[in-house]
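Asks: Starting off with a structure, shown below.
The values are calculated or read from the model by the stated rules, or taken from the named source; none is laboratory data. The structure presented is a predicted model; accordingly, all values stated were derived computationally and were not measured. Backbone-built Cβ (ideal geometry, glycine too); neighbour counts: all protein chains shown. Areas reflect the complete protein model, heavy atoms only, side chains present, ligands, DNA and RNA absent. Shrake-Rupley method; radii C 1.70, N 1.55, O 1.52, S 1.80 Å.
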Amino acid sequence: MVSASPALALRTLHVDALAMRADRTQVAVGEVFHLAIHIRVRERVAALDELVIPDVGTMQILGDERHVTSSPSGTDVVETLTLEPRQPGTFTINGAYLDAVDARTRKPSRFSANPVRLVVAGGTTLTAQFWEAVRILVGIMLAGTGALVVAALLVTLARARRRPQPIPAAPVAPVAAPPKRTPRDAVLEALRTYRTAPSHDALMRLRAALFAAAGADAGSTLRDALAATTDQGLRTALIAAERTAFGPAHARDAASAELIDATEAWLR
Amino acid sequence: MTTPSPAPASGGRPRDVTDALHATIVGQDDVVEALVLALIAGGHVLLEGAPGVAKTLACRALAAAVAGTFRRVQFTPDLLPSDIVGTRIFDQKTGEFATVLGPLFANVVLADEINRAPAKVQSALLEGMQERRATIGPQTHDLPAPFVVLATMNPFDSDGTYPLPLAQLDRFLAKVVVPYPSRDEERTIVDRFGAGEPPLRAGVAAAADVLRWQREAHQVFVDAKVRDYAVDLVRATRGAELVAHGASPRAVLALVALARARAYLEGRAYTTPDDVRDLAPSVLRHRISYDDRIAIAGGDPEDVVRRIIASVPAP
């Protein structure tokens, strides 16, 4: 069976920017950091599903938030990965990429973000502690400076609103702070994703969301999660998730249906 | 040496053996589970505990529950390999050598105080454990199936003992630490055993049942993530703080085999991360050699194992 040429399936996009950055490049094993991917296109689109996030190797993905902001001048997508390194060493995370037909050249192209280099210290070593201390000091200094900058910006914005602007400036935040979501929201979103595309990754994200809803940390087992909640509906969903995640392939469809039913029942 | 008369049984379930052990042993849930899991996984168990905490009784109860042959060998400094494996005796009537099989040729072998015999005797036993056969003179004999060695050790009286090398300890599927019973359990012990001989529930399963369990447990599904978790746990022992030498790849095999056995015992067709995490201490504790600093600092090896397990996130 020969599939259609990939180029035929590609969208035509005018990519203005594709960048990747980490909020910290010096961390210790077990310390959580964030990796933000920002892409801006001139078209007004509802989603950019073509964006492929990088392989993060042995690092544990604790969160994955995607925010899309559309305006007449284009669309900004900011995807923030919450990561936890498990092994010490120096890592280079390859840039996220997006395949599209370049609106400028009308040719299929791959747009890639810059790679990010990360130094992971083993456990709570002196180096890690030193960098942690430096980070805290810099954080305090930046917080003070940031407060002044924010105040100045607020004053400027207040003045700017009084007179009409010919072209409204579209603020592009490289790392957008995700809105506060409840664990139930996270389960609902993970369930929707799993129902749409029941991949193993989607299943593990749904299971992780259920664990978080029970109050169990990442890296916990089912027993920990069951011990953390007395909610019978959630417990049923947790057990179903375990059976679906680790059960044999021939029993997975039935277990999956049971998981969806149990999760929906809990969400109701 | 004792040999309880085997009683016929078939169609027995692993739970029947667990219940039979609980009918004799007061408390010691971890010990009972480890013995039944080792039976299902086809491995050997090392029991370490103070005298009088029912190590030997647990082994006798297991042997009685599984209607097979049982031999007990009290290990002493003057024991010889032939006392374990067997020997060849010249028969004057026929003018030929006849082979006399040793106590190793039994379904359940209790090696009491295994560290009191010299290294060559330990080696003879451990070779049989690994190869499941023994050579006497020019002939090699297969050991019976199922074949389980339950060895005991007392951690206190170290005078006149021969510590088992790491390579030999590695042959044990699991090492179980037998604790002192709780106050309530000790009261029950007085009530249950004060009148005389402890009750042993015999023949709740046949040797053929055990072989069937072993075959069926081998079919229990192990997801790649659960397998990887077991691998990561064992690898985490290498290079861990206060550890001189970490566990071998045999530890991964043991951990997965025990996880399968646990799932089978609980009636599941698949293993979970909980199986792996719960069983990891019994698989790892005897396969790790500790740094000298642990003795100087008065540290507890069990804490080291707990820390290693806690450092690896479950899938």
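Asks: Taking the stated definitions as given, is A:Leu191 more than 10 Å from chain B (Cβ to nearest Cβ) and either over 16 Å from A:Gln60 (Cβ atoms) or surrounded by fewer than 22 Cβ atoms within 10 Å (Cβ to Cβ) (or both)?
Replies: Working: more than 10 Å from chain B (Cβ to nearest Cβ): yes; either over 16 Å from A:Gln60 (Cβ atoms) or surrounded by fewer than 22 Cβ atoms within 10 Å (Cβ to Cβ) (or both): yes.
Criteria met by A:Leu191.
Asks: Something else now. Among the strands (runs of 3 or more DSSP E) contained in region B:33-124, which hold 3 or more residues that are modelled with pLDDT of 90 or more?
Replies: Counting at least 3 such residues, we get B:45-49, B:70-74, B:108-112.
Asks: Follow-up question, since we're still on this one. Listed residues A:Asp201, A:Asp185; which is open to solvent by 20 Å² or more (accessible area, probe 1.4 Å) and either more than 18 Å from B:Lys225 (Cα to Cα) or touching a Ser or Thr at 6+ places or on another chain (Cβ under 8 Å) (or both)?
Replies: That would be A:Asp185, the only listed residue that is open to solvent by 20 Å² or more (accessible area, probe 1.4 Å) and either more than 18 Å from B:Lys225 (Cα to Cα) or touching a Ser or Thr at 6+ places or on another chain (Cβ under 8 Å) (or both).
Asks: Only residues that are of a type in the set (Asp, Glu) and closer than 17 Å to B:Pro155 by Cα: list them for region B:285-302, please. Lay out the reasoning, then the answer.
Replies: Let us first name the residues in region B:285-302 that are of a type in the set (Asp, Glu), namely B:291-292, B:300, B:302.
B:Asp300, B:Glu302, listed by residue number.
Asks: Return a yes/no flag: does region B:242-258 have any residue that is over 24 Å from B:His286 (Cβ atoms) and touching a residue at least 40 places away in the same chain (Cβ under 8 Å).
Replies: No - not one qualifying residue is present in region B:242-258.
Asks: Out of everything in region B:160-177 that is within 21 Å of B:Thr56 (Cβ to Cβ) and either β-branched (Val, Ile, Thr) or without any contact (Cβ under 8 Å) to a residue 12 or more places away in the chain (or both), what residue ends up being surrounded by the most Cβ atoms within 10 Å (Cβ to Cβ)?
Replies: This residue is B:Val176.
Asks: Which of (1) open to solvent by 20 Å² or more (accessible area, probe 1.4 Å); (2) touching a residue at least 40 places away in the same chain (Cβ under 8 Å); (3) over 19 Å from B:Ala58 (Cα atoms) is the odd one out, the single condition B:Ala134 does not satisfy?
Replies: Single failed check for B:Ala134: (1).
Asks: Continuing with this model, one more query. For A:Gly219, indicate whether it is within 11 Å of chain B (Cβ to nearest Cβ) and either surrounded by fewer than 17 Cβ atoms within 10 Å (Cβ to Cβ) or closer than 28 Å to A:Gly30 by Cα (or both).
Replies: Considered against the rule, which asks whether it is within 11 Å of chain B (Cβ to nearest Cβ) and either surrounded by fewer than 17 Cβ atoms within 10 Å (Cβ to Cβ) or closer than 28 Å to A:Gly30 by Cα (or both), A:Gly219 comes out as yes.
Asks: Which members of region A:88-116 meet the condition of being out of contact with any Gly (no Cβ under 7 Å at 6 or more places or on another chain) and either within 14 Å of chain B (Cβ to nearest Cβ) or assigned to a loop (DSSP other than H, G, I, E, B) (or both)?
Replies: Listed by number, the residues that qualify are A:Gly89, A:Asn94, A:Gly95, A:Ala96, A:Ala103, A:Arg104, A:Thr105, A:Arg106.
Results for (1) open to solvent by less than 70 Å² (accessible area, probe 1.4 Å); (2) of a type outside the set (Val, Ile, Thr); (3) within 18 Å of B:Val276 (Cβ to Cβ), shown as yes or no for each residue.
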| site | (1), (2), (3) |
| --- | --- |
| B:Glu186 | no, yes, no |
| B:Asp191 | no, yes, no |
| B:Glu197 | no, yes, no |
| B:Arg201 | no, yes, no |
| B:Ala205 | yes, yes, no |
| B:Ala217 | yes, yes, yes |
| B:Ala230 | yes, yes, yes |
| B:Val234 | yes, no, yes |
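Asks: Quick one: in region A:71-87, which of the residues that are free of Cβ contacts under 8 Å to residues at least 60 places away in the same chain and surrounded by 16 or more Cβ atoms within 10 Å (Cβ to Cβ) is farthest from the other protein chains (Cβ to nearest Cβ)?
Replies: A:Thr75
Asks: If the requirement is being modelled with pLDDT under 60, surrounded by 14 or more Cβ atoms within 10 Å (Cβ to Cβ) and small (Gly, Ala, Ser), which of these qualifies: A:Ala169, A:Ala176?
Replies: A:Ala176
Asks: Of the residues B:Pro198, B:Pro179, B:Pro144, only one is at pLDDT 85 or above and within 23 Å of B:Ala67 (Cα to Cα); which?
Replies: B:Pro144
Asks: Go through (1) surrounded by fewer than 17 Cβ atoms within 10 Å (Cβ to Cβ); (2) farther than 23 Å from B:Ala257 by Cβ; (3) at pLDDT 80 or above for B:Asp30 and report which single condition fails.
Replies: (2)
Asks: What's the number of the condition B:Ala145 fails, among (1) part of a loop (DSSP other than H, G, I, E, B); (2) out of contact with any Leu (no Cβ under 7 Å at 6 or more places or on another chain); (3) open to solvent by 60 Å² or more (accessible area, probe 1.4 Å)?
Replies: Looking at each condition in turn, B:Ala145 falls short on (2).
Asks: Still on this structure, please answer the following. Among the residues of region A:67-81, is any within 22 Å of A:Ala17 (Cβ to Cβ) and not in a strand (DSSP E or B)?
Replies: Within region A:67-81 (the criterion being within 22 Å of A:Ala17 (Cβ to Cβ) and not in a strand (DSSP E or B)), the answer is yes, since at least one residue qualifies.
Asks: Next question. Take the residues of region B:241-268 that are crowded, with 18+ Cβ neighbours inside 10 Å, within 14 Å of chain A (Cβ to nearest Cβ) and of a type in the set (Gly, Ala, Ser): which is farthest from B:Val148 (Cα to Cα)?
Replies: B:Ala263
Asks: Can I ask one more? When the residues of region A:50-66 are narrowed to those that are open to solvent by 50 Å² or more (accessible area, probe 1.4 Å) and closer than 21 Å to A:Asp185 by Cα, which ends up modelled with the lowest pLDDT?
Replies: Here the residue is A:Leu62.
Asks: Please work out if A:Ala241 is crowded, with 20+ Cβ neighbours inside 10 Å, within 14 Å of chain B (Cβ to nearest Cβ) and without any contact (Cβ under 8 Å) to a residue 60 or more places away in the chain.
Replies: yes
Asks: Please state which of the following conditions A:Thr229 fails to meet, knowing it meets all the rest: (1) within 14 Å of another protein chain (Cβ to nearest Cβ); (2) out of contact with any strand residue (DSSP E or B) (no Cβ under 7 Å at 6 or more places or on another chain); (3) open to solvent by less than 50 Å² (accessible area, probe 1.4 Å).
Replies: For A:Thr229, the exception is condition (1).
Asks: Also, I was wondering about something else. Look at A:Gly144 and say whether it is within 28 Å of the chain's Cα centre (by Cα) and modelled with pLDDT under 85.
Replies: No.
Asks: If we keep just the residues of region B:236-245 that are under 20 Å from B:Asp278 (Cβ atoms) and not β-branched (Val, Ile, Thr), which is modelled with the highest pLDDT?
Replies: Going through the qualifying residues, I end up with B:Ala236.
Asks: Out of the residues in region B:269-315 that are closer than 30 Å to A:His250 by Cβ, open to solvent by 30 Å² or more (accessible area, probe 1.4 Å) and part of a helix (DSSP H, G or I), which is farthest from the other protein chains (Cβ to nearest Cβ)?
Replies: B:Asp278
Asks: Considering (1) in contact (Cβ under 8 Å) with a residue 12 or more places away in the chain; (2) in a helix (DSSP H, G or I); (3) basic (Lys, Arg), say which one B:Arg235 fails and leave the rest.
Replies: It fails just one condition, (1).
Asks: Does region A:244-258 hold any residues that are in contact (Cβ under 8 Å) with a residue 12 or more places away in the chain and more than 8 Å from every other protein chain (Cβ to nearest Cβ), and which are they?
Replies: So the first thing to find is which residues in region A:244-258 are in contact (Cβ under 8 Å) with a residue 12 or more places away in the chain, and the list is A:244-245, A:255-256, A:258.
Across region A:244-258, the qualifying residues are A:Thr244, A:Ala255, A:Ser256, A:Glu258.
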